[in-house]
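Notes to accompany the following structure.
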Amino acid sequence: NGAICIQPCSPSFHGETSFVCEDRKWQLLSDACANLDVQSLFQLGHGKPGDGAKHFGADDHTNSSCQADFSCIIPDILSSPAIPGNIADIVDLLKKISLQLSENVTRGKLQSYSRIANHILNSSIISNWAFVKDRNAGSVLLDSVNLFAGKLLLRNGSESIQEPFIATKGYSIHKNTSGMSFHFSMEFSDTGNITGRVVIPEEELLKLPRTSKAISIAFPTLGAVMQTGRLDPVFVNGMVLSVALPEELQHIWLTFEKMNKLEHVAAQCVGWHSGERRWDNRPCKTQSDSVSSVVCVCSHQRRTYKSFSILMSPATLRSAVLDYITRVGLGLSIFSLVLCLVIEAVVWHHVTKTEITFMRHFCLVNISASLLVADVLFILAAIVHNTTLNYQLCVAATFFLHFCYLALFFWMLTLGLLILYGLLFIFFKITRSVFLAAAFSIGYGCPLVISILTVAITEPENGYLRSGACWLDWYKTKALLAFIVPALSIIVVNLVVVVVVVVKTGRSSVGEGWKSQDLSSVIRISKNVALLTPLLGLTWGFGLATIVDSRSLAFHVTFALLNAFQGFFILLFGTLLDRKVR
């Protein structure tokens, strides 16, 4: 725009207000150039003050040559330090080039473009991205490179452009009738020989109506600056692999070599949602996961999912023991709860002759029924997500799962309040009709209101479901709080109930001999705590231990044992150990 942009000085950052300046040092990129038209950048050459028109548009031949491959701006950019301000400006420059100059992308153009991007993706300066003001700069760079490289013109059916920290490969592909898949690899020697592999299955190639092109762009360091959008400590543990394919091709196989080869830590295949700018595991499924590499099957969508990688969390345990406990525990829990309900139906008229025993067994039946339905829905929700990926079914499964688990906790609260009523309000009697009205209002009314409000508030923003599971979202709308807050509150209330029971039990033995008193108190207290812990849901409190030390396998195993087998414990302590039931 007729302006010469220079930034010869930078702050000393030693507490002084002075600046450290390098005389006659020209830097093309600065805040003053943020709104500069891309076309005018190619009028800026090297040179120094005084060169005048020679470098600013007088030489039309040089100007047209620069726009052909951007070669004139590369020396200035590569000589500028990759400080946060310059990183932001280079990202903005690459975005403008991709939007305004992406027609007829030749090998020369893409080589220059890749050299510019490589300058700010160098592993030695990748930490400087943390100080870039725009948190979405990494996503902007990814989208810009994908757009520009996706229009690469192929010569002789293939192209390969390799830089230390960005690589592009393109191939002509056609309808395959030979029964062979099409595959190629991406490799980087400067980042520990990290590799990636793209496989287009033969059944996908058969969908091609004509000869097309497949282009892949790999970034071994960009994943470190991509915002995960998650609160749990996950990190990208492989290269970011982008693919540009014809619309007819939807499913591809991607192999990622792990940068950090951690044992007992599960990897998660994810796609970058370009609209929401976050990693999403809905488009990908993990086919195999070894210590060194992960194979993913991903759905490619040109408008939404074009870039893929793997996430890992050092806090997420992958343990065959936990899987085994969960499967066995849920199976036994469902069987135990069905048996519990059958036994209660058989003995109902014999054990509910008094008001207090009726109320107790009524709560026990509803606790068992709620947990039984919740366990079944838990399994069905996993099946729905893993097989159909149907959004509406997933929403329905999550709603009823949320309602049933809340009903479980609120019925455990009802039982806790009933125990408290029996201990503290001995001479205050309530009728059966009043109890039923209050119990149904608490046990099913409160969960229904919370569940409906949660889906009504969060679903219009597409924030009801978390990515990768039929369950409440945490990262976008915090919908999971609609389960966590009531559950933890009820656990605290029921813990108070257990404390009151323990105190009352200890006092009831006053007058006996000291030794017999101590022994009987310990026995009674232990028995009451053992009986009440599963019935009042206190075992769920062990989930806090997995948050405090999420890497401890012992805490995870303890939590899984206590809660996967909760149905069995309810049958044992709530039914089989009841003298009247026996």
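The values are calculated or read from the model by the stated rules, or taken from the named source; none is laboratory data. Computed from a predicted model, the values in this text were never measured in an experiment. Cβ: placed from backbone, ideal geometry, glycine included. Neighbour counts: every protein chain shown. Only protein heavy atoms, including side chains, enter the accessible area calculation; ligands, DNA and RNA are left aside. Shrake-Rupley method; radii C 1.70, N 1.55, O 1.52, S 1.80 Å.
Screening Ala545, Ala560, Ala530, Ala479 for residues that are surrounded by 16 or more Cβ atoms within 10 Å (Cβ to Cβ), modelled with pLDDT under 90 and aliphatic (A, V, I, L, M) leaves exactly one candidate, Ala560. Comparison of Ile74, Ile87 shows that the only residue that is out of contact with any strand residue (DSSP E or B) (no Cβ under 9 Å at 6 or more places or on another chain), in a helix (DSSP H, G or I) and under 30 Å from Asn156 (Cα atoms) is Ile74. Taking first residues from the stretch 197-214 that are under 22 Å from Leu153 (Cα atoms) and modelled with pLDDT under 90 and partners that are among the aromatic types (Phe, Trp, Tyr) and outside any helix (DSSP H, G or I), the Cβ contacts under 7 Å between residues at least 6 apart in sequence or on separate chains come to Leu205/Phe182.
Residues of the stretch 296-312 that are within 14 Å of Ser274 (Cβ to Cβ), in contact with a Ser or Thr (Cβ under 8 Å, 6 or more places away or on another chain) and at pLDDT 80 or above: Tyr305, Lys306, Ser307, Phe308. Kindly establish whether Leu153 is aliphatic (A, V, I, L, M) and open to solvent by 60 Å² or more (accessible area, probe 1.4 Å). So Leu153 passes the test.
Taken across the stretch 192-209, residues that are of a type in the set (Ser, Thr, Tyr) and in a loop (DSSP other than H, G, I, E, B) do not occur at all. Checked against the criteria, Arg303 does not count as open to solvent by 50 Å² or more (accessible area, probe 1.4 Å), in contact with a Gly (Cβ under 7 Å, 6 or more places away or on another chain) and either assigned to a strand (DSSP E or B) or within 30 Å of Gly138 (Cα to Cα) (or both).
Close contacts from the stretch 425-451, counting a first residue that is closer than 10 Å to Phe410 by Cβ and a second that is open to solvent by 80 Å² or more (accessible area, probe 1.4 Å) and not charged (D, E, K, R), with Cβ to Cβ under 7 Å and a gap of 6+ residues or different chains, come to none at all. Can you spot a residue in the stretch 340-357 that is open to solvent by less than 20 Å² (accessible area, probe 1.4 Å) and within 23 Å of Val496 (Cα to Cα)? Among the residues of the stretch 340-357, not one is open to solvent by less than 20 Å² (accessible area, probe 1.4 Å) and within 23 Å of Val496 (Cα to Cα), which makes the answer no.
Among the helices (runs of 4 or more DSSP H) confined to the stretch 353-447, the ones with at least 2 residues that are at pLDDT 90 or above and closer than 19 Å to Leu337 by Cα are located at 355-387, 391-424. A single entry from Arg135, Arg115 fulfils the requirement of being at negative phi and in a loop (DSSP other than H, G, I, E, B): Arg135. Here Ser368 clears all of (1) among the small types (Gly, Ala, Ser); (2) in contact with a Gly (Cβ under 8 Å, 6 or more places away or on another chain); (3) open to solvent by 30 Å² or more (accessible area, probe 1.4 Å) except the condition numbered (3).
Taking the stated definitions as given, is Ser158 touching a Phe, Trp or Tyr at 6+ places or on another chain (Cβ under 6 Å), of a type outside the set (Val, Ile, Thr), surrounded by fewer than 18 Cβ atoms within 10 Å (Cβ to Cβ) and in contact (Cβ under 8 Å) with a residue 12 or more places away in the chain? For Ser158, the condition - touching a Phe, Trp or Tyr at 6+ places or on another chain (Cβ under 6 Å), of a type outside the set (Val, Ile, Thr), surrounded by fewer than 18 Cβ atoms within 10 Å (Cβ to Cβ) and in contact (Cβ under 8 Å) with a residue 12 or more places away in the chain - is met.
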